[in-house]
Amino acid sequence: MASSSIHKIDGDEMGRIEDNGYVYDQGGEYLGKVVNDGSVYDHEGEYTGKVNFDGSVYNAAYEWVGTVRDDGVVLSVSGEDLGEIDSPHMQFGGGAFLLLFR
């Protein structure tokens with residue numbers, strides 16, 4: 001089993017996403033989870049948004065909040081690089097980055 005690291009644009013690690021979709025910050029605190037359809041839930045189980053299979057990420061109000069590229073780079077709606085997710089959970093990790101860490 002392999003987790004994916006979630007990094008800010010400066011390379012500092014913010015946390016990780018596990019194979020089971022659970023997301024933790026750098027200190028090991030549980031932040032939420034991403035399920036198989038790309039839905040993201042916070043630590044209280046509240047729906048916070050979704051990452052689509054094309055990499056677009058929307059919050060719970062269906063507002064576009066960013067994009068996760070195929071190489072794991074996370075972009076803001078204006079195209080600014082925000083961070084990067086390691087393989088193998090790049091898209092789900094990018095959704096977690098935009099919805100749980102911000």
Scanning the stretch 6-41 residue by residue, those under 15 Å from His89 (Cα atoms) and free of Cβ contacts under 8 Å to residues at least 12 places away in the same chain turn out to be Tyr22, Tyr24, Ser39
Going through the stretch 42-68 in order, the residues found to be polar (S, T, N, Q) and touching a residue at least 40 places away in the same chain (Cβ under 8 Å) are Thr48, Asn59
Within the stretch 21-50, residues exposed (fewer than 11 other Cβ atoms within 10 Å of the Cβ) and on the phi < 0 side of the Ramachandran plot come out as Gly27, Glu29, Asn36, Asp37, Glu44, Glu46
Across the stretch 1-16, the tally of residues that are closer than 14 Å to Lys33 by Cα and basic (Lys, Arg) stands at 1
Could you go through the stretch 84-100 and let me know if any residue there is among the polar types (S, T, N, Q) and more than 18 Å from Lys33 (Cα to Cα).
no
Of the conditions (1) surrounded by 10 or more Cβ atoms within 10 Å (Cβ to Cβ); (2) among the polar types (S, T, N, Q); (3) at pLDDT 95 or above, the single one that Ser78 does not satisfy is (1)
When every residue in the stretch 13-36 that is of a type in the set (A, V, I, L, M) and out of contact with any His (no Cβ under 6 Å at 6 or more places or on another chain) is compared, the one farthest from Asp86 (Cα to Cα) is Val35
Being touching a Leu at 6+ places or on another chain (Cβ under 8 Å) and not small (Gly, Ala, Ser) narrows Asn52, Asn59, Asn36 down to just Asn59
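The values are calculated or read from the model by the stated rules, or taken from the named source; none is laboratory data. As the structure is a computational prediction, the values presented were derived from the model and not from experiment. Neighbour counts run over all protein chains shown; Cβ positions are idealised from the backbone, glycine included.
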